[in-house]
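Encoded as structure tokens, the structure appears first; notes follow it.
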2 protein chains.
Amino acid sequence: MTPRNKELNEKVKDERREQILSNSLRLFAKKGLAATKITDISKATGISQGLLYHYYKSKDEIFIELLREGYNKMIEAALGLESLPLTPLEKIKMAIEKLLQGFEENKDTAYYYLLINQASIFEAIPDEAKEIVKSRSLLHEVITRIITAGQKDGTFKNYDPKDMAVVFWTSLNGLAIYNAIQGEDFKPPDANILIGIFIED
Amino acid sequence: MTPRNKELNEKVKDERREQILSNSLRLFAKKGLAATKITDISKATGISQGLLYHYYKSKDEIFIELLREGYNKMIEAALGLESLPLTPLEKIKMAIEKLLQGFEENKDTAYYYLLINQASIFEAIPDEAKEIVKSRSLLHEVITRIITAGQKDGTFKNYDPKDMAVVFWTSLNGLAIYNAIQGEDFKPPDANILIGIFIED
DNA sequence: AATTACATTGAATAAAATTTCAATCAATGG
DNA sequence: CCATTGATTGAAATTTTATTCAATGTAATT
């Protein structure tokens with residue numbers, strides 16, 4: 001009865017979704033949600049506009065899915081890092097280095113950062129997206145805990161750990177944006193400069 | 001012949017322009033260029049859509065004027081700072097403190113930052129805007145010079161001054177964004193944390 | 001009070017973008 | 001090779017946004 005293998009069909013569908021998401025991520029990051037038109041996405045993906053609606057019911061839905069993906073990746077990375085058997089200083093170093101390296105190697109890392117920024121800054125984004133970015137505080141909490149531990153063991157400077165976490169995230173975020181602006185020309189600064197925020201060297 | 005005093009008329013016109021610009025700045029910063037509609041601007045300014053076109057021939061034109069204003073303010077501030085009779089360390093301190101203070105006191109400061117970011121990041125902005133943001137490098141150069149001076153006199157750490165300038169600007173930029181996200185809740189972090197990038201303390 | 005200049009309006013028009021949908025196509029199991 | 005399913009298309013319909021413009025209002029000048 002079934003005219004086509006169910007699994008294969010699902011696979012094709014997943015691949016299409018994947019293509020749409022990956023092109024949308026790049027476009028949203030480079031042009032912004034509002035400036036990215038449905039036709040931009042379908043053209044970039046190489047499909048008709050109609051087909052896009054077969055997979056997603058709106059641009060917003062795609063944006064939300066990407067945002068959720070991005071957030072999950074970041075939170076996973078942060079919690080993973082926290083649970084590693086490393087000293088607080090090693091954890092902070094690793095976070096900075098991995099991120100800088102991520103920017104260079106894989107554009108998606110930076111793209112997700114830009115998406116999250118858009119969702120955080122702009123009012124004109126879907127409510128569901130606004131909900132997702134509220135979990136931003138979770139990331140601050142992870143870093144705050146690592147910093148507090150680093151202060152207890154005496155390696156870190158003794159400023160308010162929340163302030164330090166703010167500086168940590170905002171600096172990396174600033175670098176993500178700088179990376180996006182520079183494009184191919186991006187050369188990450190020496191990670192030790194940033195580490196100087198946390199320790200005397 | 002002239003039915004109305006020329007100067008008064010000019011003054012009224014300037015005020016209107018001012019109103020339009022000030023409302024546009026806020027809207028562009030909070031919603032982004034593409035998501036800000038002409039009707040948003042006219043409604044916020046309390047004028048008809050038609051009148052908007054009497055003053056500016058497009059949304060882009062308003063954006064470009066604001067961007068130019070913002071850039072000029074920043075470059076003026078940076079060059080002014082550089083020429084003050086202060087030590088390099090005092091200059092860097094002053095830059096950080098003034099900026100953090102500016103964010104708290106005057107929303108426009110942060111709004112201009114967001115505008116510049118949009119113009120830098122997004123592809124879908126007018127060519128003229130792209131031209132303006134190229135002068136971003138001027139700001140990096142000013143800070144690089146101050147840092148180099150601070151290294152000569154022995155107060156600053158000895159990383160590549162260009163790298164340090166990048167970290168300086170990206171960190172402040174990150175804070176500007178954080179400030180925008182937090183809104184009224186924004187509490188600037190202790191400026192000394194950032195100063196730790198430059199000196200041992 | 002009449003004239004003039006131009007700010008201002010609001011609605012009409014044009015352009016752009018989104019969404020829907022009937023028709024076609026392609027693959028597969030029977 | 002036929003029937004079925006659902007992916008895919010392209011264009012029509014709808015909605016949103018930008019732009020133009022004829023008509024009106026207002027205040028200063030003569």
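The values are calculated or read from the model by the stated rules, or taken from the named source; none is laboratory data. For clarity, every value in this text was computed on a predicted model and none was experimentally measured. Heads up, the Cβs are rebuilt from the backbone with ideal geometry, glycines too, and the neighbour counts pull from every protein chain shown.
Summary table
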read-out: Residue list for the range A:37-56, restricted to those being assigned to a helix (DSSP H, G or I) and either within 14 Å of A:Glu15 (Cα to Cα) or more than 7 Å from DNA strand C (Cβ to nearest atom) (or both); value: A:Asp40, A:Ile41, A:Ser42, A:Lys43, A:Ala44, A:Thr45, A:Leu51, A:Leu52, A:His54, A:Tyr55
read-out: Selected residue (only one of B:Lys157, B:Lys187 is more than 14 Å from the chain's Cα centre (by Cα), modelled with pLDDT of 95 or more and outside any helix (DSSP H, G or I)); value: B:Lys157
read-out: In the range B:126-142, the residues that are of a type in the set (D, E, K, R) and either in contact (Cβ under 8 Å) with a residue 40 or more places away in the chain or part of a helix (DSSP H, G or I) (or both); value: B:Asp127, B:Glu128, B:Lys130, B:Glu131, B:Arg136, B:Glu141
read-out: Residue satisfying all of: in the range A:175-195; crowded, with 22+ Cβ neighbours inside 10 Å and either touching a residue at least 12 places away in the same chain (Cβ under 8 Å) or touching a Lys or Arg at 6+ places or on another chain (Cβ under 7 Å) (or both); nearest to B:Leu194 (Cα to Cα) among these; value: A:Leu194
read-out: Any hit, the range A:62-74, residues being within 20 Å of the chain's Cα centre (by Cα), away from every other protein chain (no Cβ under 13 Å) and within 16 Å of DNA strand D (Cβ to nearest atom); value: yes
read-out: Lone unmet requirement of (1) crowded, with 22+ Cβ neighbours inside 10 Å; (2) part of a helix (DSSP H, G or I); (3) at pLDDT 95 or above for A:Arg145; value: (1)
read-out: Residue satisfying all of: in the range B:114-131; more than 7 Å from chain A (Cβ to nearest Cβ) and under 14 Å from the mean Cα position of the chain (by Cα); nearest to B:Ser58 (Cα to Cα) among these; value: B:Ala129
read-out: In the range B:148-174, the residues that are touching a residue at least 60 places away in the same chain (Cβ under 8 Å) and either crowded, with 19+ Cβ neighbours inside 10 Å or hydrophobic (A, V, I, L, M, F, W, C) (or both); value: B:Ala149, B:Gly150, B:Phe156, B:Phe168, B:Leu172, B:Asn173
read-out: Filter pass, A:Phe103 being more than 7 Å from chain B (Cβ to nearest Cβ) and touching a Phe, Trp or Tyr at 6+ places or on another chain (Cβ under 6 Å); value: no
read-out: Residue list for the range A:24-57, restricted to those being surrounded by fewer than 16 Cβ atoms within 10 Å (Cβ to Cβ) and within 8 Å of DNA strand D (Cβ to nearest atom); value: A:Gly46, A:Ser48, A:Gln49, A:Gly50, A:Leu51, A:Tyr53, A:His54
read-out: The range A:65-88, residues that are of a type in the set (Ser, Thr, Tyr) and in a helix (DSSP H, G or I); value: A:Tyr71, A:Ser83
read-out: The range A:160-184: number of residues that are more than 19 Å from the chain's Cα centre (by Cα), at the interface with chain B (Cβ under 9 Å from one of its Cβ atoms) and not in a loop (DSSP other than H, G, I, E, B); value: 3
read-out: Which listed residue is aliphatic (A, V, I, L, M) and farther than 27 Å from A:Phe186 by Cα, from B:Leu99, B:Leu139, B:Leu84, B:Leu175; value: B:Leu84
